[in-house]
Amino acid sequence: MSAIASRGMKKPWARGLAAVLAAALLAGCASGGNEGGQSAGNQAADGQVVSAAQEGRRTKATVALASAVNVFAPYSKWNPYLGIQYAGVYERLAEREQFGSDSFQGVLMKSWEKVDDVTYDCVLYDYIVDSDGNPFTAEDVKFSVDKAHENGIADSKYIESIEVTEPYAFTMKLTDSGVGIFEMVCETCWMAARAAFEKSEADGSICAGTGPYVCVEFISGSSTQVEKRDDYWQTPELTAVTSRANVDVIVYNTVSETTQMAISTEDPAGTQICAWLNESIVEDARTIPGVTVESKESIQMKTIVFNASEYSACSSEALRKAICYATDNDALITGALSGIGYAPPTFGSPYAIGYNKAWESGDYYNYDIEKAKAMLAEAGIPEGTVLKFYGPAGAETEKTGSVLASCLAAIGLKLEVNAVEAATQSTYLNDLASGWDIFIAATTLKGPYLIQSYSYYCSSVGLNNQVNGAMWGVRDDDFENLVDKSNSKDGAQADLDAIHDYVVDNCYVYQWFSNYFTCSYVDAIKETVTNFKNNLVVGACEFSADYAYYE
Amino acid sequence: MIRYVFRRLALMIPIIIGVTVLVFTIIWFTPGDAAEVLAGNAPREQVEELRRLMGLDRPYIVQLGDYLYNVFIRHDFGKALVNKTSISADIVMRFPKSLIFAVFGILISVFAGIPLGVYAALHQNKTGDSLATAFSLLFVSTPGFWLALMLVLLFAYRLGWLPPYGMGGVEYWIMPVLANCFHGVAIITRQTRSSMLEVIRSDFVVMARSKGLSEGEVIVRHALPNALIPIIAVAGMNFGGMLGGGLIIEKVFSIPGIGNYLVTAVGQRDFTAVMGGVIITSLFFSLVMLAADLGMAFVDPRVKEQYSTARRRK
């Protein structure tokens, strides 16, 4: 380019300009004719509809991801996009087979045994080798947990200590005897051999993992390429579902701009999988021939939290119920989410262990204006009362806020919609006197068991950071006792039922809606596979025999 | 002249320190802090403990002094809160991408905008002038991201000539640079036209013509250097804008530059990364403005004369 520019400088201005632009275009044409159009993607050769078993060619999946991954190292804080790219490269001690499953499978761990409420004896497979050839031992588990602690990886704080008892055996001591803590911490930390990590620190390379793929190229914030290992340590019959490697090469490209993502969905030859699609482009993607569009449930639930403290009108249970009855969820899903979401039939996630299907038969404040008006009258709240709604800054809060405002207008309440930046959100939420009445919070499954999420979000003795009790701002001892009972080893389904009923009856929070994560993929991919967090695991997807996209 | 350069460089020191203090202070007063980011939703006592361990419970002035010491003496911006990577290393990796993007953007803007502006001025009220004016009006008012998407639709999607996004060879840079520079081309064209119109009516230009110089010599040797001063100022501002403000283009083309870094850091509440990014951007912006001032001093005979006179007086 500099040569072009300098040539231009010697010519008269106008000719210089023409030369620069023409050269730029020619450069694009020259490379674009062969690879330029594909280099961010991956086109099959001309006219090829050939067997996937075609010799000497490696199958390749190019994936467009809507958000960037800025770091590729095992001891990183989880996010959905990081989860997708790390899958297959780094492995965990054990994890649930899939989202919503109660089947817990060992990945690096061969077996484990509960010694007491907080102590577990664990044994690793004794033939684990990472992609650099380093053996993975119990010492490496201890090292990985220490690094996770050091990096503040949230759930690792439940591991008090790792004691290495034998080269491939260790004792894990937990800080909490709560239900599901062991499973949660096993799923929390990606593991890596100390030798691999120290090498990566020393030479700036990508840390080798024990998974079936090795990262061969990582451009922070832009793209990642992983390739299948020929020497993956686990035998096929014992390989975890998420450690399967059904495609040879995977390229992840960051495509954070929605129109670019829409273009990628329309170019299945260049990009075979797009995840996740903005609601605004899902319908168009459904019309593209040769492309399947699939919506997956999110682990996040958008929850209406009422300020039940003395500082808000929402301290009135009847008002809270009036608001819930007045909320038209169909209008919300259609109007604000373009149909790409769902309203939960009751309080709790059906993908958590302990969820009781029978709860769905009850009335979870189904849209009923008459009931809403009656409740409002019972609350003694005059017409025209203004309530303050807060949510994280963004289009979703604007849309959902305006839907809720129109719903409440039908019963004579006014809603003031306020968006707050993520940086200030917890400050507002914690300050009950700051004026908020309704807050929309993104609540996430906090482990395999429902009680873990209930405990986290609803109880002051759980894991939330509320200074005034539960997330709705008041301490309720009856509720706390229910949580304590259910979160102990004696906890039974009846206790969980009691918590559910208590929260629903008191209407402290209202689980409002959940977005779907939508991905599109070429028809030659028969089935997509996700892990316990419903993150796509590209390598484990099922590719048909006529999958014809090659490196 | 060298004296002037050194004086300007020396002046940059308080500016950069001032920016650092300002950025640190704004972030210090922003609700929430690094301990909250690291602790997530941990109980309040744990957040307080973390705050104490990180030294965030110390007085403002102590924390500020510590930060200034680390940045200016140890050249260490610290580690990013979220990714745990070295901020200096992150910036070193990302900044060149934004710089390349901005340098080529400004080069095209200058080498296209000045000739177009000169041509328009020399053909005032004729077809060429009208076309150049229309061109500049069109691109001044066209949002960069829209233009970027149109380029993608045409060159990547319809024609398949260029990759739609990502990082790689020269072909990956063409659309981002073009999308980023059209606004600059338009601005510089307009500025050049108006400056040239002012200059070509000046007495010294009439004098140059009356001396029998060719029209080319009159324009290149006499009119253009005098018209360049405001153009250089505008180009300098544009370059700064392209450097820090190309984040929308960076987002459209998935370029991991400093703009993208800053936006991600803001979204993740990564205060240390935000501070590092803003300080480096302001440092380079100051350097660019210095270069623009030196360029003005270089092309303006009056400025040159001013320095020569100062030297003779001594």
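The table for this structure:
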read-out: Solvent-accessible area, 1.4 Å probe, carbon plus sulfur percent, for the protein assembly as shown; value: 56
read-out: Hull shadow area, averaged, region B:2-73 [alpha-carbon convex hull, nm²]; value: 5.7
read-out: Average beta-carbon neighbours from other chains, 10 Å sphere, peptide B:151-163; value: 6
read-out: Region B:74-159: trypsin sites (Lys or Arg not before Pro) in DSSP loop, at most 14 other beta carbons within 10 Å; value: B:74, B:126
read-out: Rounded to the nearest 10 Å², the accessible area of residue B:30 at probe 1.4 Å; value: 40
read-out: Over chain B: helical MRE at 222 nm, DSSP H runs n ≥ 4 each giving -39500 (n - 2.57), nearest 500; value: -24000 deg cm²/dmol
read-out: Cα-only radius of gyration and Dmax that characterise region A:468-520, units Å; value: 14.5, 47
read-out: Cβ-Cβ FRET estimate between residue B:70 and residue A:198, R0 fixed at 35 Å, reported to 0.05; value: 0.90
read-out: Alpha-carbon Rg with Dmax, taken over region B:94-268, Å; value: 18.7, 66
read-out: Debye, to nearest 20: dipole size of region B:2-73, +1 on Lys, Arg Cβ, -1 on Asp, Glu Cβ; value: 620
read-out: Protein-only accessible surface order, largest first, of A:500, B:183 at 1.4 Å; value: B:183, A:500
read-out: Dipole axis of region B:2-73 (+1 Lys, Arg; -1 Asp, Glu on Cβ), positive-most option in B:4, B:26, B:38; value: B:4
read-out: Shielding score for B:22-35, defined as the mean number of other chain Cβ atoms within 10 Å; value: 2
read-out: 32 Å Cα-Cα threshold exceeded, pairs from A:489/A:526; A:60/B:251; A:110/A:228; A:357/A:489; value: A:489/A:526
read-out: Within the protein assembly as shown: Cβ-based charge dipole about Cα centre, in debye rounded to nearest 20 (Lys, Arg +1; Asp, Glu -1); value: 5900
read-out: Percent breakdown of C-alpha pair distances by 10 Å bin, ordered from the shortest bin, for region A:490-551; value: 16, 27, 20, 18, 14, 5
read-out: Positive-end residue, the protein assembly as shown charge dipole about Cα centroid, Cβ charges, pick of B:141, A:174, A:382; value: B:141
read-out: Rounded to 5, the percent of DSSP beta bridges in region A:300-515 classed as antiparallel; value: 55
read-out: Accessible surface of residue A:248 - all protein chains present, 1.4 Å probe, nearest 10 Å²; value: 40
read-out: Kirkwood Rh and Cα Rg combined as Rg/Rh, region B:85-183; value: 1.08
read-out: Computed label-point distance, nm, for sites residue A:57 and residue B:89 using a 7 Å Cα→Cβ extension; value: 3.9
read-out: Of every Cα-Cα pair in chain A, the percent that sits beyond 31 Å; value: 55
read-out: C-alpha long axis of helix A:395-409 to longest principal axis of chain A, angle in °; value: 30
read-out: Probe 1.4 Å, all protein chains present, accessible-area order of A:355, A:510, largest first; value: A:355, A:510
read-out: Cα-based Kirkwood hydrodynamic radius, chain B, one decimal, Å; value: 22.5
read-out: Rounded to the nearest 10 Å², the accessible area of residue B:289 at probe 1.4 Å; value: 40
read-out: Mean ellipticity per residue at 222 nm, deg cm²/dmol - from DSSP H runs of n ≥ 4 across chain A, formula -39500 (n - 2.57); value: -8500 deg cm²/dmol
read-out: Extent along principal axes [Cα atoms of region A:300-515; Å; largest to smallest]; value: 48, 34, 34
read-out: Beta bridges per DSSP with both ends in the protein assembly as shown, % antiparallel, nearest 5; value: 75
read-out: Cα-Cα P(r), region A:184-258, percent of pairs per 10 Å interval; value: 16, 40, 37, 7, 0
read-out: Positions from region B:262-285 whose accessible area shrinks by 30 Å² or more when the full protein complex is built, not the chain alone, probe 1.4 Å; value: B:269
read-out: Mean separation of Cα contacts under 8 Å, 6 or more apart, over the residue count of chain B: relative contact order %; value: 24
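The values are calculated or read from the model by the stated rules, or taken from the named source; none is laboratory data. The model shown is predicted, which means the values in this text are computed figures rather than measured ones. Cβ: placed from backbone, ideal geometry, glycine included. Neighbour counts: every protein chain shown. These area figures cover heavy atoms from the full protein model, side chains too; ligands, DNA and RNA do not enter into them. Shrake-Rupley method; radii C 1.70, N 1.55, O 1.52, S 1.80 Å.
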